[in-house]
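The values are calculated or read from the model by the stated rules, or taken from the named source; none is laboratory data. This structure is a prediction, so every number in the text was calculated from the model and none was measured. Here Cβ is always computed from backbone atoms with ideal geometry, including for glycine, and neighbour counts include all displayed protein chains. Calculation scope for accessible area: heavy atoms of the full protein, side chains included, ligands and nucleic acids excluded. Shrake-Rupley method; radii C 1.70, N 1.55, O 1.52, S 1.80 Å.
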Amino acid sequence: MTGIAKEKYRLAYKTPDFVIEQIDLDISLNETCTQVTATSLVKRQGDHKNSLVLDGEELTLISVLVDKNAVSYRIENNQLCIDNVPDSFELKIETQINPAANSALEGLYKSGNAFCTQCEAEGFRRITYYLDRPDVLARFTTRITADKAAYPILLSNGNRIAAGDNTDGTHWVQWRDPFPKPCYLFALVAGDFDVLKDTFTTKSGRTVQLELFVDKGNLNRSYHAMSSLKKSMAWDEQRFGLEYDLDIYMIVAVDFFNMGAMENKGLNIFNAKFVLANSESATDTDYFDIERVIGHEYFHNWTGNRITCRDWFQLSLKEGLTVFRDQEFSSDLGSRAINRIRNVKIIRGPQFAEDAGPMSHPIRPDVVMEMNNFYTLTVYEKGSEVIRMLHTILGEERFQAGMRLYVSRHDGQAVTCDDFVQAMQDASGIDLTRFRQWYAQSGTPVLNVTDEFDAANQKYILHVKQHTPPTADQKEKSVLHIPLSLALYDQKGGYLGDQYDQVINICQDQQSIEFNGMTEKPVVALLQDFSAPVKLEFDYADQDLLVLMQHSRSAFTRWDAAQTLLNKYIRMNVERVRNLQKPELPAALVDVFAEILRDQTLDKSLIAEMMRIPSETSMAELFDEIDVDAIHEVRCFIEQSIATQLHDVFVEVYQQNKTIQYQLTQTDIAKRDLVSVCLAYIALNGNEADQQIVSAHFHSADNMTDVLAAMQAAKQGQLPVLQEMMHAFEAKWQHDGLVMDNWFRLQATSPAADCLDVVKSLLKHPSFSMQNPNRLRALIGTFSAANPYRFHAIDGSGYTFLREMLDELNHSNPQVASRLITPLLQFKRFDPTRQSLMKQELKRLSARPDLSRDLFEKVSKALAQ
Ligand code: TRP
Ligand code: ZN
């Protein structure tokens, strides 16, 4: 593989030599030998004599006919080349594929007893030879034939137009999708499912059939997904004016899936994790994520499907925008502040880490070897931040005008990120020239702010400087258009008014902002709502942060001030620990935590978020060189100090907020969230009465959120009751992989010294499977990405373990392997001993002659640094 791994460049884009306007697929399903006949109408584009070149992988080619005649052809590097074709012709290609052998879960594969497909980004070429690129839009019909007893349900995109039985026990169904689409949106499903049916009436009065397919026996876990779908459809009409366009919308849940879900036109395929839920088996977070992902895939119908990407470098065109839309959906339906806090944590943690590592890339990458490697936090989450900045700069009204222009201009087309920004600029009249740089530039910009108070002239002045440090992929950086939202408060936390609450457009490398009429030095809330994905440097006095924590009008600012204050003490204490001094925490800080905890006016989930100490991985982002041991020690110290000093408050708040009977309401979700935080602190104290509380919480729980809160707490405090809980849980859920993932994750994040041994032994657990991406992520992924203290063990055992797992997955599932490798790529950030151990494992991988393209791209970039 390494020999032929080639880089592709964004600027090398060329319009296709041929287009396919219509394709009729005839697919006869069989576990090991599926027959695919593709009949396409192909047309030459432009004035040239080039050969027709089609992509194909892992296909057995049976025949090729041009206008019903056999022709000569060549297969060159996985491409089918036909010379001297007419300008317009019918192309008929017969191929065979082996779905049962497809463990990569790309193309057509078996998930349990069902057949399903995953074609994004370049999986369609594993089904037939085709122009597998998103700017070739064709009308599809799909005829599926399969054994009727084993596969009574046969699905594809669009509307069902015909069906029938054959005499040999098989049956067939034909589907037609009226909307031209790129092949990455093609889908096929065959199996035996339970189906939940419903309808939705659009704002123009059309009735849409909704069908949700789940494994037999799972209907009682499908209702939340269906109601999420209806909420998504209603929300997109209300907020974006966008209506569904087909008469039927189908969702299928499958157990084996590389990612979250896929927006195939009219036939979404979902990882069962983002469909199935009831209160006994799913946590509040699971419910939230289901609503979010159902929304995300539904919103793609316009932002992705009706208007798609010209080429894969433009991926953020659909993903950044659709993540922005799903975040807005969640925020309109739930708590805006809490949503913002959780999304900002992802940017400041793993996204900043990605931007500082060897895979750093702009939201619109310039060079790609394996496209699957670019479904990243940068393209998705930072991409959404870029859309959010546009929204902040334009305001909702002009932003929506921009959306309307974008849709009316480009409906039915495959376009670029530039086309999107142009529509926003044309509709708003706001010059976005400098803003476009966000699409081109990688790395995390730093906003350095200093302030000055001129008492004589009653002036408060802010000096703002921006710069972006060089990244692995780009040395030179330029100035960006950064919307900086800020507000002023007086020394007691009084709001100074709307005239002092504004968004400043930072468009130069240095800018000063003056505020007049200041009788005293104000307290400034900077980067409100995280108005740009940047690192803020400002020398806040503790006192100012305490004022913002307690008095800001914005819940986000309160949380952010608490984080900034905590971060100061994290930095200071890590330094102390490294100098062999004891860590310490000022009493004033602990007092403020006590006040927050007792505050009856605050949203309970805000309290929970404020009381949570940042994870070790997000703490790591505060440092250039990561000292995992010092970070672990400091985090334990801070948690333990708060746990000990505020023990009685935790017990009190725990008792006040414990819910009686499970209800999935905002209020109760927030209470359970706060209760779980309290419980963890109580467990850290861990005397007999505390253990009793944790144990009682477990035994009285009537829902998965509370069950896991107790287990999590017991793990955190390393309480003896944990053993018994783990056994009870295992006995009850061992046949349910999705639920067992919680059990695997819990053990993978254990701080105990034998954690890795336990993880290794769990590889042989009957509920575990190396074939199932969810299991792999829960056990191996969690251990390596969420347990830095044990993964980075100084003997290198964690690194060797991960490399051995990757060796195994390199062939069976390169996509998942390539996601799991992330923690190893960051070796530059560690001490020399760890660096060399990590590098050694990467070198072992790179020495493999058969390394997948996915891993090759990342390993070689990491080692090239
Ligand atoms: N387009 C999908 C989404 O964001 C992402 C996706 C699903 C995907 N499955 C995939 C991307 C497999 C690459 C490979 O909703
Ligand atoms: Zn998406």
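At a glance:
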| read-out | value |
| --- | --- |
| Distant-in-sequence amide H partners of residue 18 (H built 1.01 Å from N, under 5 Å) | 45 |
| Theoretical ellipticity at 222 nm over the chain - DSSP helices of four or more residues, -39500 (n - 2.57) apiece, nearest 500 | -12500 deg cm²/dmol |
| On Cα atoms only, tilt of 417-428 relative to the major axis of the chain in degrees | 60 degrees |
| Inter-centroid distance (Cα atoms) of the stretch 69-114 relative to the stretch 543-596, Å | 60 Å |
| Per-pair calculated FRET efficiency, R0 = 51 Å: residue 688 and residue 847 via Cβ, rounded to 0.05 | 0.40 |
| Inter-site label distance for residue 863 and residue 45 at 7 Å from Cα along Cβ, in nm | 3.8 nm |
| Proximal charge balance of residue 737 [Cβ under 10 Å; K/R count +1, D/E count -1] | -1 |
| Within straight-line cross-link reach of residue 658, aspartates and glutamates at Cα separation under 16 Å, skipping those fewer than 8 residues along the same chain | 284, 603, 648, 668, 673, 690, 702, 706 |
| Extended-chain gain in nm, criterion 0.36 nm per residue less alpha-carbon gap, residue 666 and residue 797 | 42.8 nm |
| Solvent-accessible area of residue 625 with every protein chain in place, 1.4 Å probe, in Å² to the nearest 10 | 90 Å² |
| Selected from 677, 693, 179, residue furthest toward positive end of dipole (the chain; charges at beta carbon) | 179 |
| Ranked packing of 671-681, 281-291, most packed first, by mean Cβ within 10 Å | 671-681, 281-291 |
| Sites residue 655 and residue 754, calculated FRET efficiency, Cβ-Cβ separation with R0 35 Å, nearest 0.05 | 0.50 |
| Angle between the chain longest axis and helix 737-748 axis [Cα atoms, degrees, rounded to 10] | 40 degrees |
| Relative contact order of the chain, pairs being alpha-carbon contacts under 8 Å that are 6 or more residues apart, as % | 9 percent |
| Linear extension gain, residue 456 paired with residue 9, 0.36 nm per residue minus alpha-carbon span | 155.2 nm |
| On Cα atoms only, tilt of 223-240 relative to the major axis of the chain in degrees | 90 degrees |
| Dipole of the chain, positive direction: furthest Cα of 267, 136, 304, with charges on the beta-carbon | 136 |
| Filter on 465/535; 203/230; 760/828 - keep pairs with C-alpha separation over 20 Å | 760/828 |
| Where labels lie 7 Å past Cα in the beta-carbon direction, separation of residue 465 and residue 699 in nm | 6.3 nm |
| Distance-filtered residues of the stretch 138-159 - backbone nitrogen under 15 Å, label point 7 angstrom along residue 113 Cα→Cβ | 147-154 |
| Fraction of beta bridges assigned by DSSP in the chain that are antiparallel (%, nearest 5) | 80 percent |
| C-alpha center-to-center spacing [the stretch 801-827, the stretch 137-162] in angstrom | 36 Å |
| Listed residues 846, 316 arranged by accessible area, highest first, probe 1.4 Å | 846, 316 |
| Lysines with Cα under 20 Å of residue 14, excluding same-chain neighbours fewer than 8 positions away | 6, 43, 49, 181 |
| Positive-end residue of 383, 466, 117, charge dipole of the chain with Cβ unit charges | 117 |
| Of 273/732; 216/273; 345/843; 604/732, pairs whose Cα-Cα distance is over 22 Å | 345/843; 604/732 |
| Computed magnitude of the charge dipole of the chain (debye, nearest 20; Cβ of K, R +1, Cβ of D, E -1) | 900 debye |
| Dipole magnitude of the stretch 188-283 about its Cα centre (Cβ charges: Lys, Arg +1; Asp, Glu -1), debye to nearest 20 | 220 debye |
| Value of relative contact order over the stretch 623-680, rounded to a whole percent, pairs C-alpha under 8 Å and six or more apart | 31 percent |
| Spin-label pair residue 730/residue 516, simplified geometry with 7 Å Cα→Cβ offset, distance in nm | 7.3 nm |
| Local electrostatic count at residue 460 - Lys and Arg +1, Asp and Glu -1, tallied over other residues with Cβ under 10 Å | -3 |
| Ordering of 384-394, 25-35 by burial proxy (mean other Cβ atoms within 10 Å per residue, highest first) | 384-394, 25-35 |
| Straight-distance crosslink candidates among aspartates and glutamates, where the alpha carbon sits under 17 Å from residue 459 and sequence neighbours closer than 8 are dropped | 451, 490, 501, 514, 520 |
| Highest to lowest packing among 395-401, 185-191, scored as the average C-beta count within 10 Å | 185-191, 395-401 |
